[in-house]
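> Just passing along the structure, written as structure tokens.
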């Protein structure tokens, strides 16, 4: 025995070539050192020792699903096999001289079956095994390349004052409703947005639940906002303007209702573990009350089914195109597999965490994650005057995501301070941050009021009423950025390659077929000239300014070019 190592098995998705290398045709049970079963989304640990047997993990997959397994080792050359229920090898990879092996395939359309992952390595030490059982993908093409305008419905516009005290509740409700959003669809479309996200629409039961995140009856819309017919009218009106609609959803909790609500009336349907006191403790994060909200027990069969039925009903009844998913990390991960399949549309999860690995791991259970690590980097680099290297530090980990083009990119939101509050009111810094959000990879999201320079440090949910100025400078800036995106596929769906990073400058290249873009930022107070190398586009490629300026660049014979950027300025050059 050489000693113990602790391999970690994490269920995430991996993209890559199909399995290669020699396939061992069959195994015997005696060949396998079974270290434990795994279910989707779970993490397992086991000690490993030398010997003739193969480490094995068992996992249950569904017919027709796609399975991918990555085995990475810090010390040694791994081999991996995927075995069927009869221990026959159906895919394999010998890593050769690499420290990573990979297999993937789509499982046959037959009954659900238990599959075995067998791993052999002569020098196993500090190895990480990453496996995947991914649900069949949703139709995501309609969301790649979109940009989203995010509305807190109650604070946006009061289109129907007759519903202002629906259910007898007023209090913190300000009167915004679905009709108010309908009335301003042209205002939203005028900036160029092709997606709209609105806060939850289900019924609330509190003077303070204007935001929609304290669900009461999951089978009804809240009367303050309107009814299902009005929601369908909003969706139809958005579609007529080329805007896809995303509804906000909550599966983690209800409101503070003493563990009883119409959809979940039995206290046994909730966890009763007290509040979260240690956010570093996964069991507390998933099974304790967040901010005093009644934590649902998703493992309870009635709760589990009710939440799946709810999301199916919400999508079918509204015609919505996507779902933003609240408090994802506070729900045991295996639940999201069934919930995502039930949703049937693009799902974008909120995981409030600065770790790329943590946030990205949920992009394999839902379709995508809100990119909080990149938000923190945007805030630090653009609002607070920190190093622009923070941007590259996050984007350099994009391989962790199932599809970084679907990650939600934002500069602030309803849970974070307004960008201009953080930036001391500096509009030029906000212009840079918005330019970054709308030109980097991912789905850009702009919070309502940003285009009107909302900057209140004490209230990031102020009323929009009286602020629909289509001549505001930032409204025009968003129009310019959207025009560049619309004319340049590379800015929407192109592969992204970093070309420069230092403390005050950051530059990247994007390309999608014949379309290409070169975007460069100067966050400092002095003009910068950057000599860029290893451009992907061929020599002679000429770039012009997409924002109406006179800047240009041409790639020379060695694959390089030079750009000069004035202080606190962005260049968006396209080909």
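No value in this document is a laboratory result; all are computed from the given coordinates. Since we're looking at a predicted model, the values are computed, not measured. Here the Cβ is made from the backbone with ideal geometry for all residues, glycine too, and neighbour counts use every protein chain on show.
> Can you tell me which condition residue 527 does not meet? The list is (1) touching a strand residue (DSSP E or B) at 6+ places or on another chain (Cβ under 9 Å); (2) in contact (Cβ under 8 Å) with a residue 60 or more places away in the chain, and all the others hold.
The one condition residue 527 does not meet is (2).
> Could you grab me the full set of residues in the stretch 266-291 that are within 15 Å of residue 327 (Cα to Cα) and either in a loop (DSSP other than H, G, I, E, B) or touching a residue at least 40 places away in the same chain (Cβ under 8 Å) (or both)?
Result: 276, 279, 285, 286, 287, 288, 290, 291.
> Take residue 244 and decide whether it is farther than 23 Å from residue 334 by Cβ and surrounded by 13 or more Cβ atoms within 10 Å (Cβ to Cβ).
Yes; evaluated as a whole, the condition is true for this residue.
> If I ask for residues that are touching a strand residue (DSSP E or B) at 6+ places or on another chain (Cβ under 9 Å) and in a helix (DSSP H, G or I), which ones from the stretch 405-431 would you list?
If the condition is that a residue be touching a strand residue (DSSP E or B) at 6+ places or on another chain (Cβ under 9 Å) and in a helix (DSSP H, G or I), then 405, 406, 419, 428, 431 are the ones that fit.
> Take residue 556 and tell me if it is more than 33 Å from the chain's Cα centre (by Cα), assigned to a loop (DSSP other than H, G, I, E, B) and either touching a residue at least 12 places away in the same chain (Cβ under 8 Å) or crowded, with 18+ Cβ neighbours inside 10 Å (or both).
yes
> Ok, one more. Given the conditions (1) closer than 26 Å to residue 489 by Cβ; (2) part of a helix (DSSP H, G or I); (3) touching a helix residue (DSSP H, G or I) at 6+ places or on another chain (Cβ under 8 Å), report the number of the one that residue 402 does not fulfil.
The failed condition is (2).
> Report the residue count in the stretch 520-541 for those that are surrounded by 13 or more Cβ atoms within 10 Å (Cβ to Cβ) and more than 25 Å from residue 476 (Cα to Cα).
Selection size over the stretch 520-541: 8.
> Take the conditions touching a residue at least 60 places away in the same chain (Cβ under 8 Å) and over 25 Å from the mean Cα position of the chain (by Cα) and apply them to residue 534. Does it pass?
no
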